[in-house]
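Working notes for the structure below.
The values are calculated or read from the model by the stated rules, or taken from the named source; none is laboratory data. As the structure is a prediction and not an experimental result, all values here were calculated from the model. All Cβ positions, glycine included, derive from the backbone under ideal geometry; neighbour counts span all protein chains shown. Heads up: the accessible areas ignore ligands, DNA and RNA and are worked out on the full protein's heavy atoms, side chains in. Shrake-Rupley method; radii C 1.70, N 1.55, O 1.52, S 1.80 Å.
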There are 4 protein chains.
Amino acid sequence: MINGERSISRPLRWGMVGGGRTGQVGYKHRTGALRDGTYQLVAGAFDLDAERGRDFGVNLGVSADRCYATYQDLVVGETGREDRVDVVSVATPNFTHYAITKALLEAGFHVICEKPLFFTTSECDEIAELAARKGLIVGVTYGFTGHPIVHQMAAMVKKGMLGEIRIVDLQYTHGFNAGDDTNASEAQKWRTDPSKSGPTFVLGDIGTHLYYLSEVVLPHMKVERLLCDRKAFIPTRAPLEDHATVLMHYDNGARGRLWVSSVDAGNMGSQRYRFVGSKASVEWSDSRPDQLIYEVQGEPNRIMHHGMPYLEEESLAIDRMGGLHTEGLGDSWSNIYLWIAEAIDAKMRGDEDFLNTHHYPGIEAGTEGVRWLENCVRSADGGAAWVDFK
Amino acid sequence: MINGERSISRPLRWGMVGGGRTGQVGYKHRTGALRDGTYQLVAGAFDLDAERGRDFGVNLGVSADRCYATYQDLVVGETGREDRVDVVSVATPNFTHYAITKALLEAGFHVICEKPLFFTTSECDEIAELAARKGLIVGVTYGFTGHPIVHQMAAMVKKGMLGEIRIVDLQYTHGFNAGDDTNASEAQKWRTDPSKSGPTFVLGDIGTHLYYLSEVVLPHMKVERLLCDRKAFIPTRAPLEDHATVLMHYDNGARGRLWVSSVDAGNMGSQRYRFVGSKASVEWSDSRPDQLIYEVQGEPNRIMHHGMPYLEEESLAIDRMGGLHTEGLGDSWSNIYLWIAEAIDAKMRGDEDFLNTHHYPGIEAGTEGVRWLENCVRSADGGAAWVDFK
Amino acid sequence: MINGERSISRPLRWGMVGGGRTGQVGYKHRTGALRDGTYQLVAGAFDLDAERGRDFGVNLGVSADRCYATYQDLVVGETGREDRVDVVSVATPNFTHYAITKALLEAGFHVICEKPLFFTTSECDEIAELAARKGLIVGVTYGFTGHPIVHQMAAMVKKGMLGEIRIVDLQYTHGFNAGDDTNASEAQKWRTDPSKSGPTFVLGDIGTHLYYLSEVVLPHMKVERLLCDRKAFIPTRAPLEDHATVLMHYDNGARGRLWVSSVDAGNMGSQRYRFVGSKASVEWSDSRPDQLIYEVQGEPNRIMHHGMPYLEEESLAIDRMGGLHTEGLGDSWSNIYLWIAEAIDAKMRGDEDFLNTHHYPGIEAGTEGVRWLENCVRSADGGAAWVDFK
Amino acid sequence: MINGERSISRPLRWGMVGGGRTGQVGYKHRTGALRDGTYQLVAGAFDLDAERGRDFGVNLGVSADRCYATYQDLVVGETGREDRVDVVSVATPNFTHYAITKALLEAGFHVICEKPLFFTTSECDEIAELAARKGLIVGVTYGFTGHPIVHQMAAMVKKGMLGEIRIVDLQYTHGFNAGDDTNASEAQKWRTDPSKSGPTFVLGDIGTHLYYLSEVVLPHMKVERLLCDRKAFIPTRAPLEDHATVLMHYDNGARGRLWVSSVDAGNMGSQRYRFVGSKASVEWSDSRPDQLIYEVQGEPNRIMHHGMPYLEEESLAIDRMGGLHTEGLGDSWSNIYLWIAEAIDAKMRGDEDFLNTHHYPGIEAGTEGVRWLENCVRSADGGAAWVDFK
């Protein structure tokens, strides 16, 4: 159980690019990073509007002189300092991830970046090579995978409690874009512009969460073939999609289906994960994160609650609130941020043994997400055709 | 609201083929037919074991001399009688539906048959022609579509409360066949034998329920293309499937996905129907039949209960229990049986005007189910390829 | 599992008093009685409006000459017939139960009566004595206690799966009377008139269901003391109550609390039963009748589904629909009616051994309900004071 | 919406008494206080084991020299410092609250104390007088009342959306003490020792949460009379209770019932709040904190989700995660800690106008909780008798 005791050598000096007052995601980073004293927010280029960004940073407790106008200024300004930031989070639109991450790594900072990581796997590979050369960590904020129940599912699969996995059913749908984009916010507009969002909208925006979480639960399984059928129900979003279905064939013979949509009018269920094995299934939703439904064929369905002693150690170790009390999305983000901090700390200490077995969403996880998107787009553009995963 | 008052000229004299003591489905027919005095069970060939069948029939209140050894005997025995049966239900394995239905129609009896109706659409067309020629009704027991909530959904779609339909999400999965068939019951064994089950297992056994219900709710939409990916996780079931995913493109641009499985270990949710429109969605499950979730984007989700005055008249008219009290699957079957009785009564009275607007699952509904199966199999056998629906 | 085979010597000839076209409860009796061929509806005095009642009866398939204007006419008309009714159901307002039941018993008919049975326990005792003297059965339609899950709970308690029972939590609340009675229907009006409803409104109308079901599940426990706090939120209903809370102390030290209300605005949950033992609890609601939640302290909560092989034999024996398919309130009523028929049949056969062990809601159950109401009223009238149960 | 921007003049220097490594509640304080940079943890007397406490404090980032052996040492050590703590949280067993709070206030520190605040209202009054005299704030960690949905309920009641409140139904039950205390942890043992827990166990431990939350939602209503029936199902806990039922009569004629128990075997539902008005009801549970069920009689039940634009401004203003994403108990605590910080900041600035309208759980809220306990005990000790609330 996590009680806030520090698991790293010293607090990390932390900066942010993006995540300003008008954005949606900045607070998720901050509430994830700051609750345990693992990170100290000391610098930022929070906003395209430099003055607003500085005012915002000061309100967050950052010195005015470390509230920069641009990420380039941040790189310059921080580079010379004795107390320079250790790590910088990138909470900006997709099309800026690559350049900002590259500049930060070249300047010697660890990076924590939003998903989808970059536009192409070749960009990912280039950044992976750069990070390796510089001895730096790149973390990716797949923020839903820090929930204790996610790791309960992974542990149960690993122990064989489900038997051989047969069916993977993944869904992340909502209806916030059911209407057209006439009055879309800035935070929404760039997501349907291919030059800013990349080759996908909902597949990248929410689908990568599903795919990464399935990798965490099923690390032993690989997709061999997939088929992606995508569509823009609001025509102005084409060629990007606001709805997609993906079928997947895994190397062990399992069958997967995945649904992402932002036109699923009224759906507040967020995400639904169901993993079906030859003996039992588990089902979990981020909208009811405290509960795991464990279904052994022929027995009563069991509802497992986070934090209860009957869970696996892998789950209990990362619990924060304990049995009866709901952990929310912020608690999940705080675990993600903690695990990335532990990776950075190990990297700084040169502890590769630790890194070899340490679980956190890093550059490989980010790359795999982009690879999955490339395969989806290739299938969709081929007329929703089956393609070999590569 | 239904209160048991007779809506037809006189009670129908009713017989059954199959549905004996050891079967699973016979009581669903009887409890559906008998609760309102619309049908009187007066004859039957209930069992392959003639003696057991006669004993069973007598316990149901049928005269011993009208408990027949075979359906052929029933045809012969009833044909001569003044008080001969008006209509006979066929609750036998799939491979016998065609021959029994044909024999009954030729002898002048109306027929109520289990789904999937027959093996091929050409059989369906032949029977449709025969029934038309003889002036007889063929009803099909799509037993889930009698729930008041199903007709609430249809009425809401018709009134435009959902806007243009965009997404159709259909699921009927359970795990009763998650293990292999070593100890399968007789009632299970024939379902995975292509010579007895026909060209499909779960697609026909449970998928046709999903497809017909979607037709009831969305009568204005047609499937244009589909793709079916099927698999037997228990290899002895091949070439039939215990798991299948179907993607559908509708003529209005809507996208559908459908999942059927009998290896979805532990799933007791039975069926899930979600219809997403440009303004709102509705979601319903047979496992919670009293509730409809109505989700207008941007408003709180609404939970509608069967029998409440705020529902549409089409739903209230067929309610039996009223507001606070759950209607079960038996109540749904009783509506199906009632509607078929009303069709038979109209046919006997020669009231074609009534028949032209009367809703009930008849030969066309049965034929469409078989047609959908043919398209699914064509796609699956082509390597889960897209096929034009024909 | 019930499949419709007859468990009694011959179908019972059945009549009804009340339950006509405009009432709410008549169809519950008919759909409960008629689905299995155990009862044949052959006579009735369905309505205070004799003509409407006759028209209604004829529509139900009753001969016009056996559609009587009054219950007195029914007694007279049926008495002389060879094919006279065996049993008559009383589905009329509370204040008529006693006189009608008495007249029917005196004429030699078995009786099935709505709850609350009569106004006083002395009336109950008198009728019990009369029924015993005449060798007749009086059944009481506690219609919710026929659900297979109710008897699963009873079996689990009996086996000790819950340990010693500590807490009994009972709730039946709805909001249909949240507004005043200005536009109340006839079916509602009499319920708040003490001369017609008796000494209680919701305590009798819905509270007796809770109390009887708790007796079925906990036959070994007796209430020793209780306290009832009642109130009419709509003042015109006083001195009767539209809301009441009852605290109960049981002879084994258990504590009970019970809540009934018809001003619980918007509540569609109907009933909630929770039985807490030293080892485990069970919770059930009539609004989700297929599920029992079984909660062993320290283990994951289990959701049991009706009809599944892991249930106790007492529950499986009375299942009608089977595992995946919801049984509704009508199915519960049909079990109640069946058990009463079996009692009548045994009485007619003189099989007192059978009657000694046969479970059905009879005159004792009806009497206990009235006794409980008397104690509640005594406490409430004493200023919501504790009273010894007597 | 809260995004982490500072709403107070400067971060508060914060200390803790208790809340060490082996306790259950310390992390709830820290995760609540630290996520927004409003508090900086700089001192503590975390543990009765001084060495363990110092090690723990250092791991939390506190200087070793400010990790004190006792609260007395903390008072002495901090008093002289320029950078002395502004505020100290008391997360220790009940019987120490009074002395520690008194010592801290006398030394000039603001205090944040666990509930139940003290043993008696006279202690509360004394401390209130002391705090007023010293110009200091006493906050009380009623940690569940920071959820945005709680304030949605309060706003809806205030706007009249429920009509006149009629029924208050409160429940906080779990089964963690269903077994006896043979192997009870230290954190559990003191709770059933009257010299350490005070005059109640579950009434104070969890019942005060229910009562305070009801005050937040219904500030205009006062309890006039109550009746408390309490019991120790595990006899060694007597005279304290592990189960209690409280009936309450409010000054507007409303009726309340409240249930607390720690022997409700298997119950993981935590808390349930239902407020019934003449027009509508709302129902909320901490175990599903993102949802409010809003039930207008005669309309479909509505499920409201936190963070959605259709909510009241009072709720949206304190939301942290936004629409689709669950806020957990930690987020609720963070709002409570924020509101107390704002009170302290205003007190330091001398801004009594702000304080006059600012909502936070302060000494009055703590006192009312103790007053309610006194009334409960008076009733229970009088034989579960009705008592006038005083």
Among the listed pairs A:Lys279/D:Lys28; C:Lys189/C:Lys222; D:Lys158/D:Lys390, those beyond 32 Å (Cα-Cα): A:Lys279/D:Lys28; C:Lys189/C:Lys222
Estimated dipole of chain A in Debye, rounded to 20 [Cβ of Lys and Arg +1, of Asp and Glu -1, Cα centre]: 280
Sum of side-chain charges, C:Ser332 neighbourhood, beta-carbon under 11 Å (Lys, Arg +1; Asp, Glu -1): -1
Charge tally in the Cβ shell below 10 Å around A:Arg255, where Lys, Arg are +1 and Asp, Glu are -1, A:Arg255 excluded: +2
Cβ charges +1 (Lys, Arg) and -1 (Asp, Glu), total dipole of the protein assembly as shown, debye: 0
Cleavage-rule hits, GluC sites (Glu not before Pro), the stretch D:1-109, DSSP coil, Cβ neighbours within 10 Å at most 15: D:Glu82
Nearest-0.05 FRET efficiency for D:Thr79 and D:Glu224, computed from C-beta distance (R0 41 Å): 0.35
Sparsely packed chymotrypsin sites (Phe, Trp or Tyr not before Pro) within the stretch C:301-390, loop by DSSP, other Cβ within 10 Å at most 15: C:Tyr310
Label zone at B:Thr22 (point 7 Å along Cα-to-Cβ), backbone N below 12 Å, the stretch C:1-27: none
Computed over the stretch B:151-244, the ratio Rg/Rh where both radii use C-alpha atoms and Rh is Kirkwood: 1.08
Neighbour net charge for A:Asp319 - beta-carbon separation under 13 angstrom, K R +1, D E -1: -4
Heavy-atom SASA rank of C:Asp180, A:Asp345, A:Asp205 (probe 1.4 Å, accessible area, largest first): C:Asp180, A:Asp205, A:Asp345
Free-standing Cys residues across the protein assembly as shown, given no other cysteine C-beta under 4.7 angstrom: A:Cys67, A:Cys113, A:Cys124, B:Cys67, B:Cys113, B:Cys124, C:Cys67, C:Cys113, C:Cys124, D:Cys67, D:Cys113, D:Cys124
Check: the stretch D:199-288 dipole with +1 on Lys, Arg Cβ and -1 on Asp, Glu Cβ, in debye: 240
Sparsely packed trypsin sites (Lys or Arg not before Pro) within the stretch D:175-250, loop by DSSP, other Cβ within 10 Å at most 14: D:Lys222
Neighbouring partner chain Cβ atoms per residue of B:299-311, average, 10 Å criterion: 5
R0 of 22 Å, Cβ-Cβ distance A:Glu126-A:Leu355: FRET efficiency to nearest 0.05: 0.60
Rounded, prolate or oblate (a/c below 1.5 giving rounded, otherwise prolate when a/b exceeds b/c) for the stretch A:146-302 by Cα gyration tensor: prolate
Area projected by the alpha carbon convex hull of the stretch A:273-388, averaged over all directions, nm²: 10.8
Per-residue average of Cβ from other chains inside 10 Å of A:266-279: 6
Label point 7 Å beyond Cα along the C-beta direction, distances from C:Glu352 to other copies (nm, shortest first): 6.9, 8.7, 9.3
Inter-chain Cβ neighbour average for residues D:159-169, partner chain, 10 Å: 3
Heavy atoms of C:Lys159: accessible area, 1.4 Å probe, square angstrom to 10: 130
Inter-part distance where the stretch C:90-121 and the stretch C:207-222 are each reduced to a Cα centre, Å: 22
Buried solvent-accessible surface, both chains (A, B), 1.4 Å probe, Å² to nearest 100: 3400
Rounded Å value of the spacing that divides the Cα centres of the stretch B:263-285 and the stretch C:321-368: 36
Mean-position separation - Cα centroids, the stretch B:157-200 and the stretch D:2-70, in angstrom: 57
Unit charges at the beta carbon, dipole of chain D: most positive-side option, D:Leu170, D:Leu210, D:Leu311: D:Leu170
Leading residue at positive end of dipole, chain D (Cβ point charges), from D:Val387, D:Val85, D:Ala33: D:Val387
Simple spin-label estimate for B:Glu5 and D:Ser185 in nanometres, 7 Å along Cα-Cβ: 6.6
